[in-house]
1. Residue check: is residue 166 open to solvent by less than 60 Å² (accessible area, probe 1.4 Å) and out of contact with any strand residue (DSSP E or B) (no Cβ under 8 Å at 6 or more places or on another chain)?
2. Would you say residue 202 is aliphatic (A, V, I, L, M), open to solvent by 30 Å² or more (accessible area, probe 1.4 Å), part of a loop (DSSP other than H, G, I, E, B) and closer than 18 Å to residue 124 by Cβ?
3. Tell me which residues, restricted to segment 323-339, are closer than 21 Å to residue 64 by Cβ, without any contact (Cβ under 8 Å) to a residue 60 or more places away in the chain and in contact with a Leu (Cβ under 9 Å, 6 or more places away or on another chain).
4. Quick check: is even one residue across segment 67-89 in a strand (DSSP E or B) and in contact with a Pro (Cβ under 7 Å, 6 or more places away or on another chain)?
5. Would you point out the residue of segment 293-306, among those that are of a type in the set (A, V, I, L, M), in contact (Cβ under 8 Å) with a residue 40 or more places away in the chain and over 11 Å from residue 78 (Cβ atoms), that is least open to solvent (accessible area, probe 1.4 Å)?
6. Could you check, for segment 237-257, whether at least one of its residues is more than 30 Å from residue 70 (Cα to Cα), open to solvent by 40 Å² or more (accessible area, probe 1.4 Å) and either in contact with a Ser or Thr (Cβ under 9 Å, 6 or more places away or on another chain) or modelled with pLDDT of 95 or more (or both)?
7. Please tell me if residue 191 is free of Cβ contacts under 8 Å to residues at least 12 places away in the same chain and on the phi < 0 side of the Ramachandran plot.
8. Those residues that are more than 39 Å from the chain's Cα centre (by Cα), open to solvent by 30 Å² or more (accessible area, probe 1.4 Å) and not hydroxyl-bearing (Ser, Thr, Tyr), I need them from segment 98-131; list them, please.
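The values are calculated or read from the model by the stated rules, or taken from the named source; none is laboratory data. Since this is a predicted model, take the numbers as computed values, not measurements. Positions of Cβ are backbone-derived with ideal geometry, glycine not excepted, and every protein chain shown enters the neighbour counts. Side chains included, ligands, DNA and RNA excluded: accessible areas come from the protein's heavy atoms. Shrake-Rupley method; radii C 1.70, N 1.55, O 1.52, S 1.80 Å.
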Amino acid sequence: MPRSSPTEGRGRWTTRRTAIVAATVTVVVAVGAGVGVLALRRHPGGDVASAPPQVTTTKVARADLSDTRSLNGTLGFGPERVVKGAGEGVVTRLPKVGDTVARGKPLYRVDDRPVPVLFGGTPLFRTLDKPGLVGSDVWLVSDNLRALGFHTGSQPSRGKDGTRIGAGQALLTPSLVAAIKKWQQSIGLEATGTIGVGQVAVLTGPARVSAVKALPGDAVAGELLAVTEKVKLVTVPVAATEVGTITVGAAVVVALPDSSEIPGKVASISQTVSGGGSDGGGDQGRPPTVEVLVAPTRTADVAKLDAAAVQVRFTTAVHENVLAVPIGALVALREGGHALQLPDGGLVAVETGMFARGLVEISGTGVTEGLDVVTAS
C-alpha cells in the first residue's frame, strides 16, 4: 500500500484543524446566542427589572349559604281520592265535576235523603244511637258539630263505667245528642239524634269533585265519585332516598312555563312509596319515589293555569353566618386539599364546606373575616 507524502499529510491536518476551529466558533456563537435569549427572558426591558404582576384580591366574608335542588312537578289539583258509599239504598243524586265539598253540606243523595260531609280521619263504623258510647267516631261527630257552630256541651274525663276517655275520643252525651238533632233538622233530615253507617261521608278536608263514577239508580255501596284538593297544587315525585331533606311547611320556589317564579310551600309528604317494584307490575324498574305536594302561596298566581309542567326549587340545607370566599379563590394543592393564596404569595390551608351561588364555605387556622386573599379575575 503506497504511503502518503509529507505534503499530503500536512494538507489533511490543516483541513481538520480548519474544520475544528470552525466548529468551535459555531458552538461559541450558539452558546452566546442562548445566553442572549435567557438574558432577554429575565429582563425584557433591558437593564430595568420588570414590575411584579397585578393580582385580584377579595376578602373572606360571613354569609348565609343554602343548598338547593330543582325537581320537575305537575301543577293541578293533586291526586284523586275515591269516595265510596256504604249501607243500603239507591243513589238518587250525584254532584257535578268541579263542585266543591263543604263541611256539613250534602254531597249526594240516597233514597232521596241528603248525605252530608264531615271532615276527619275516622269513618263511621257503627250506629251512634246510645248515650254513653265512647270512641273516635263520637269525637269526629262532636268536633264537626262544634266547627259548624252547634253547642255540644262539655266532655267528662271518664265514661259511665269509669273507663278513661283518651285523646281523640269523646262520650256520646245528652248534650251531643241534642246537637245532632238540631244539625239534622237544619239540613233537611229527620231529627232522630242518631247517625248510622253510610248516613254521612267522611273526607279529610275541603275538596273538589274531580270525577263521577256512579249513576243515579246504582246501589250506594260502591265507588261513587272522586275528589281532589280544592286548590291547585304541584305534585312532585321525589326519590325515596332524598325525601328526608324536605319538610312540611318549608318554603319553595315554583318556576312556571313562562319562566316566571312564584313562592310556595310544602303542603304534605305522602307516606306511600311508588315504583321500584319487582313483581312485574307497571312500576318495575323505576326508582322508588314519594309524592310531595306543594301549594302556591297566592292562588291568583296560578288562576289561569288548569294544568302545567313546572319546576320546584327546594332548599335542602342552610349554613348560616359561615366564612366564605368565591370559588375562584380556592387553590388546589398537589398533595391534596385546598388553600387560599395571600397577596404576598403565602398559602393558608382551608377545609371546604357547602358550595352555593358561586361561594364556598371555608374554615381553618388563620382564616378570619376580612382576610385578603387572591382570587381568579
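1. So residue 166 passes the test.
2. no
3. Of everything in segment 323-339, those that are closer than 21 Å to residue 64 by Cβ, without any contact (Cβ under 8 Å) to a residue 60 or more places away in the chain and in contact with a Leu (Cβ under 9 Å, 6 or more places away or on another chain) turn out to be 327, 330.
4. no
5. 302
6. no
7. So residue 191 fits the description; yes.
8. Of everything in segment 98-131, those that are more than 39 Å from the chain's Cα centre (by Cα), open to solvent by 30 Å² or more (accessible area, probe 1.4 Å) and not hydroxyl-bearing (Ser, Thr, Tyr) turn out to be 109, 111, 112, 113, 126, 129, 130, 131.
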